[in-house]
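The values are calculated or read from the model by the stated rules, or taken from the named source; none is laboratory data. As the structure is a prediction and not an experimental result, all values here were calculated from the model. Virtual Cβ from ideal backbone geometry, glycine too; neighbours counted across all protein chains shown.
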Amino acid sequence: IPTHRIAVIPGDGIGTEVMPPAQRLLELAGHRFGFAFEWQNFDWSCEYYARTGAMMPADGIEQLAECDQILLGAVGFPGVPDHVSLWGLLIPIRRAFQQYINLRPIKLLPGIESPLRKVPAGGIDFQVVRENNEGEYSESGGRLYRGLPQEVAIQESIFTRFGVTRAMNYAINLAEQREGRLASATKSNGIIHTMPFWDEILRELGQEHPLLEISEYHIDALAALFVLDPGRFDVIVASNLFGDILTDLGAAIIGSIGIAPSANLNPEGEFPSMFEPVHGSAPDIAGRGKANPLGQVWAASMMLDHLGHSEAGAALVDTMGHVLLETDVRTPDLGGRATTEEVSDALAAAFATVTAEAVLR
Ligand code: NAD
Ligand code: IPM
Ligand code: MN
């Protein structure tokens with residue numbers, strides 16, 4: 001049977017708590033649908049940093065390159081500055097493997113009520129395509145005159161025609177497979193070099209896709225529409241920083257930051273892709289069994305899709321919906337009292353039901 005070699009990096013905080021449920025569901029999916037996993041575990045984290053002075057070994061990227069895909073929990077914990085931990089592990093992986101798309105579905109699952117008023121069941125279902133390799137996340141710039149009254153910090157955004165075009169083409173393609181509506185997050189009224197460039201590239205590409213309905217929204221107004229009218233969106237394309245901010249907001253309107261998944265994709269499949277929840281290591285609840293594992297499980301389902309096991313991937317999402325709809329087993333972020341492990345048990349039990357029903361259909 002096909003065996004997938006998966007790099008597992010639980011990372012920090014609740015990353016280590018939500019990873020086991022995801023691996024458990026993946027194993028179940030493999031048994032049911034006829035494939036297997038070979039796990040390669042990496043303890044790279046802030047603890048690893050405290051021990052070794054680096055977030056991963058010097059040949060870390062080469063080690064990951066030996067794997068088919070990467071499953072990541074979360075990186076960053078108090079004690080190590082975030083820019084050190086993130087630029088020592090997460091961001092180098094996204095860049096080294098040309099994971100230039102960060103695909104983030106924002107979808108209201110059955111059984112979850114949106115915190116927004118007037119959103120019906122199934123009333124939110126869109127995809128955010130976040131440019132994941134450049135833009136506002138850049139090492140260009142610097143700090144001068146530290147500690148002096150004249151102190152300056154300069155951070156330069158880098159938008160390349162190549163980088164913007166490939167992200168937009170991915171989003172265009174995705175919109176064409178969905179409802180044919182693409183919204184672009186811009187700020188060309190305030191950010192006068194990069195964002196007008198972003199808009200121009202989209203308009204050029206749009207000319208080649210006359211059937212696609214393309215709308216441009218300033219990021220501030222777009223954020224408001226996430227709250228006022230989230231049902232209008234199909235696919236949204238956004239720069240690295242805008243996509244980051246929009247997707248925590250998106251996670252909130254589908255019920256919790258603990259649910260939303262994220263796929264760092266190298267669409268060509270030349271390099272491993274990486275699958276992780278949108279959320280971070282949640283130091284405020286870490287170690288207490290309170291972490292919602294659904295975001296990590298959903299990320300695992302996106303990995304199954306990417307591996308070509310779309311039926312198995314859909315079964316994991318159906319399983320989450322089943323637990324949310326049929327039981328009250330949910331973690332405190334969703335208003336419940338269950339622990340991470342209890343949710344994991346409920347998912348495992350529901351997976352059997354869901355896949356048995358699928359076989360009957
Ligand atoms: P966070 O996502 O970790 O937490 C924000 C809030 O959401 C917290 O109140 C937390 O308790 C809650 N939350 C998050 N995930 C949850 C879950 N699964 N279940 C229940 N509640 C959950 O964001 P933050 O506090 O800004 O960041 C904490 C650390 O994580 C920082 O070091 C940050 O840099 C890092 N981070 C890493 C990633 C990543 O690895 N991709 C992503 C975001 C943040
Ligand atoms: C995310 C995170 C990261 C990002 C941080 C931790 C660097 O917020 O994956 O959304 O901004 O990409
Ligand atoms: Mn984020």
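Take the residues in the stretch 37-85 that are away from ligand 1 (no atom under 16 Å from the Cβ) and farther than 20 Å from PHE271 by Cα, then tell me which one is surrounded by the most Cβ atoms within 10 Å (Cβ to Cβ).
Among those residues, the one meeting the criterion is ALA54.
From ILE253, ILE257, which residue is touching a His at 6+ places or on another chain (Cβ under 6 Å), surrounded by fewer than 24 Cβ atoms within 10 Å (Cβ to Cβ) and under 30 Å from TRP198 (Cα atoms)? If you could, list the steps in order and put the result at the bottom.
Numbers: ILE253 fails: touching a His at 6+ places or on another chain (Cβ under 6 Å).
Among ILE253, ILE257, only ILE257 is touching a His at 6+ places or on another chain (Cβ under 6 Å), surrounded by fewer than 24 Cβ atoms within 10 Å (Cβ to Cβ) and under 30 Å from TRP198 (Cα atoms).
Kindly provide the set of residues from the stretch 250-282 that are within 13 Å of ligand 2 (Cβ to nearest atom), assigned to a loop (DSSP other than H, G, I, E, B) and over 10 Å from the mean Cα position of the chain (by Cα), ordered by number.
ILE257, GLY280, SER281, ALA282
Assuming THR319 fulfils every condition listed in (1) within 18 Å of the chain's Cα centre (by Cα); (2) away from ligand 2 (no atom under 16 Å from the Cβ); (3) of a type in the set (Ser, Thr, Tyr) apart from one, which condition is it?
Of the numbered conditions (1) within 18 Å of the chain's Cα centre (by Cα); (2) away from ligand 2 (no atom under 16 Å from the Cβ); (3) of a type in the set (Ser, Thr, Tyr), the odd one out for THR319 is (1).
Being in contact with a helix residue (DSSP H, G or I) (Cβ under 6 Å, 6 or more places away or on another chain) and within 15 Å of ligand 2 (Cβ to nearest atom): is that true of LEU241 here?
No: the conditions fail for LEU241.
Contact list please: Cβ distance under 6 Å, first residue in the stretch 1-22 and of a type in the set (A, V, I, L, M), second residue in a helix (DSSP H, G or I), pairs at least six apart or on different chains.
ALA7/LEU64; VAL18/GLN296; ALA22/GLN296; ALA22/VAL297; ALA22/ALA300
Contact list please: Cβ distance under 7 Å, first residue in the stretch 334-347 and in contact (Cβ under 8 Å) with a residue 24 or more places away in the chain, second residue small (Gly, Ala, Ser), pairs at least six apart or on different chains.
LEU334/GLY255; LEU334/SER256; THR339/GLY289; THR340/GLY289; THR340/ALA291; GLU341/GLY289
So, ILE6, is that one assigned by TED's automatic domain parsing to the domain that holds ILE285 and assigned to a strand (DSSP E or B) or not?
yes
Right, SER262: within 29 Å of ILE214 (Cβ to Cβ) and of a type in the set (Ser, Thr, Tyr) or not? Can you show your working first?
Working: within 29 Å of ILE214 (Cβ to Cβ): yes; of a type in the set (Ser, Thr, Tyr): yes.
Yes, satisfied.
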